[in-house]
1. Give the number of residues within segment 187-201 that are in a strand (DSSP E or B) and either surrounded by fewer than 18 Cβ atoms within 10 Å (Cβ to Cβ) or touching a Lys or Arg at 6+ places or on another chain (Cβ under 7 Å) (or both).
2. Of the residues R184, R218, R224, only one is loosely packed, with under 14 Cβ neighbours inside 10 Å, outside the structural domain of I241 (by TED's automatic domain parsing) and out of contact with any Lys or Arg (no Cβ under 7 Å at 6 or more places or on another chain); which?
3. Which of the residues that make up segment 359-368 are surrounded by fewer than 18 Cβ atoms within 10 Å (Cβ to Cβ) and in contact (Cβ under 8 Å) with a residue 12 or more places away in the chain?
4. Scan segment 271-303 residue by residue and report those that are among the aliphatic types (A, V, I, L, M), closer than 19 Å to E238 by Cα and surrounded by 16 or more Cβ atoms within 10 Å (Cβ to Cβ).
5. When residues of segment 208-256 are filtered for being modelled with pLDDT of 70 or more and among the polar types (S, T, N, Q), how many remain?
6. Quick test for you: out of L145, L169, pick the one residue that is under 60 Å from the mean Cα position of the chain (by Cα) and at negative phi.
Amino acid sequence: MKECGLRMRLLPVLCLVLPLLAGCDEKKQAAAPPAPAVGVRPVAMRGVSQSFEFVGHIKATDKVDVRARVEGFIEKVAFREGQDVKAGDLLYQLEQPPFQALVNTAKASVTQFEAQYRNAQVTLERAQYLLRTVAGQQSNVDSALAAERALAAQIEGAKAQLQTAEINLGYTEIRSPISGRIGRNAYTLGNLVNPASGVLATIVSQDPIYVLFPVSVRDLEIIRETRRNEEGGLAKIEIRIRLSNGKDYPHRGVWNLTDPQVDQQTDTLIIRATVANPERQLIDGQFVTAAIRERREAPRLVVPQAALQVDQSGNYVLVVDGQHKVEQRRVQTGPNQETDVVITSGLKEGEKVIVDGIQKVRPGQTVQEAALPATGS
């Protein structure tokens, strides 16, 4: 009877407590956060031309250090620093009188020996004539012949000295050996210069110009493979240049040399292209980005670069499956295509990759996806 009474007294209390507990559960359920919202884009098939980018530098096709070949005082500087010069233009004029005097002396020596030679010829002819008479002697003929030949040799030596003097006189006019742009002037008017003075000025050609860039052996094999078309021929490859400010250079390059030697330390070799430079926008030594791109396009899977993530294991993207759950997917990538990146394996066309909100979700989590508008290619 006592137990029955106790139960009767507890029953109203339980009736009051149970609704309160139910209300707490409802509040907990109402406070549960909603699934995070993410922006997605479908994996798309897009016509893409294969492209490879490398860090390169600009190099002049011709570069000459101007030096003095004789010693003399500079009497004239016939250029302005930084101006364009043509092959044969006068750059420096050295003092000429000492060299002109040597030329005149050498000419006089030639004239003197030629006069003596004519006299020796006459003496030889007389000796040879007398040899046919009783008054002639062979010794006289031999002496006259020796004198004639000695003077002939002296004439040749004097002419060689004259030629050397004239060459040295010509060296007093220092002319540009190539067409290009001349740099700083190391010696001003009045200075004494000679072959040991070093570089007077440097001239670099401007148009066309080279771009050189290192390519790994692996990338070179891929580039060569992409050039082979179905008919067995080779597709044309464009070499484009992007400047340090991110702008594309308007003129395309022509691939004209592949270095036959591989650098053993880096496993790379040098590729060189010739590029037109009519506006003088490219400068010798300048760093640029060189991109090799085939002309024809082929369909390839692409995703926005914003979807691509990297960890210690490599590249991956987050995919939203049919149950609105996040899945991590490992991918292999190809070259970048503007704001997209080529996917070579790991994804299928139409699958939805997360582009916006990646940082707030994790694999296995349910999300609310919103399709983002496609960007222009």
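The values are calculated or read from the model by the stated rules, or taken from the named source; none is laboratory data. All of these numbers come straight from a predicted model, not from anything done at the bench. Glycine gets a Cβ as well: all are built from the backbone with ideal geometry, and neighbour counts include every protein chain shown.
1. Residues that pass the stated criteria total 2.
2. After applying the criteria, what remains is R184.
3. K360, R362, P363, G364, Q365, T366, Q368, listed by residue number.
4. I271, A273, V275, L282, V288, A290, A291, I292
5. 4
6. Selected residue: L169, the only one of L145, L169 that is under 60 Å from the mean Cα position of the chain (by Cα) and at negative phi.
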